[in-house]
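This report concerns only the one structure given below.
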């Protein structure tokens, strides 16, 4: 399905001051793991999950049972000494996008790599295990290729639970696979390329995806694409392969989010702001309280490992039907149309999420013992 987009010269999230780079040790996942939120949160976040899906998508006690863990070692690699010379960067960009789609990406965009979105210091959980936390990040690549994977609509209706958590884990798995394969392909052309994904990332995926034209930044802090709304996982490949950057897009996300606070209303942690944007780190945006969000993720490890409620209730989170396509055409063009669409979304889908049912042997409101392997009789 072709989804025409309105391309613009500047991203729709206004930059009004100087932006400072981030230390990766300050991201919420790392802060939870090293005890910045207290001993109880640290113990919950680092303990082994009762959910087998969690254990295969995120390395815990048996990392060799987590495929994504094995890809860390191939995020970067040797170059083919026979370099393919690039005379036409635009044609090469078209080729690389086709390769990414062939490898499994569903959205692909290219931008120049802004060093603002490269972390200053290493700080993933694996970096602490390997003793490299705090090491300076040096990533001199010129371009970034942003790849998007949709996550299934059906399973997000159950958030927060192990059901939508499994969908998130699968999104990380698929996006990581695309990134490592695409980076390897570029290195086989003789050009440096590094994959950045859940367990091996030195960049901030969302602002890169915004610059690369995949979508816009939303009230809930997620990227919203026209095709999949916020129901996406991102990965990035940085490279020196000569490419032609894409332009950012205006899908009407800023306008709709200004009139919609459904994610804020439904956020269990009340981490998503109501009202107008504020300026943080030189950017005019809705500032999510990531600390509140992270602490809630660990609040009940017998029922969930993380939360995607803001994704589940977002009016952009719809299957790619013809009426979703029509609605996304209306959003940037008419305030009356936006009001009508929000009203229809409330009438059809409810102001709050509908009660979930079950999937496999998972139920949202069941005790921890249900997730023991002995349930399969």
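The values are calculated or read from the model by the stated rules, or taken from the named source; none is laboratory data. Model, not experiment: these values are computed from the prediction. Neighbour counts run over all protein chains shown; Cβ positions are idealised from the backbone, glycine included.
See the values below:
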read-out	value
Leading residue by the ranking (surrounded by the fewest Cβ atoms within 10 Å (Cβ to Cβ)) among those in region 43-84 that are in a loop (DSSP other than H, G, I, E, B), more than 22 Å from the chain's Cα centre (by Cα) and free of Cβ contacts under 8 Å to residues at least 24 places away in the same chain	61
Where residue 11 falls short, out of the listed (1) in contact (Cβ under 8 Å) with a residue 40 or more places away in the chain; (2) surrounded by fewer than 18 Cβ atoms within 10 Å (Cβ to Cβ); (3) more than 21 Å from residue 63 (Cβ to Cβ)	(2)
Within region 203-236, tally of residues that are under 22 Å from residue 260 (Cβ atoms) and either part of a loop (DSSP other than H, G, I, E, B) or more than 12 Å from the chain's Cα centre (by Cα) (or both)	13
Sole residue being outside any helix (DSSP H, G or I), touching a residue at least 12 places away in the same chain (Cβ under 8 Å), over 21 Å from residue 209 (Cβ atoms) and within 18 Å of the chain's Cα centre (by Cα), chosen from 305, 317	305
Residue among 314, 310, 257 that alone is surrounded by 14 or more Cβ atoms within 10 Å (Cβ to Cβ) and touching a strand residue (DSSP E or B) at 6+ places or on another chain (Cβ under 7 Å)	314
Residue within region 324-334 that is closer than 27 Å to residue 171 by Cα and loosely packed, with under 13 Cβ neighbours inside 10 Å present	yes
Only listed residue being surrounded by fewer than 20 Cβ atoms within 10 Å (Cβ to Cβ), more than 30 Å from residue 31 (Cα to Cα) and in contact with a strand residue (DSSP E or B) (Cβ under 8 Å, 6 or more places away or on another chain), chosen from 106, 98, 87	106
For residue 293: the one exception among (1) out of contact with any helix residue (DSSP H, G or I) (no Cβ under 6 Å at 6 or more places or on another chain); (2) in a helix (DSSP H, G or I); (3) at pLDDT below 95	(3)
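For every residue, the table says whether it meets (1) modelled with pLDDT under 95; (2) within 24 Å of residue 221 (Cα to Cα); (3) touching a strand residue (DSSP E or B) at 6+ places or on another chain (Cβ under 8 Å).
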| residue | (1), (2), (3) |
| --- | --- |
| 2 | yes, no, no |
| 17 | yes, yes, yes |
| 39 | no, no, no |
| 62 | yes, no, no |
| 81 | no, no, no |
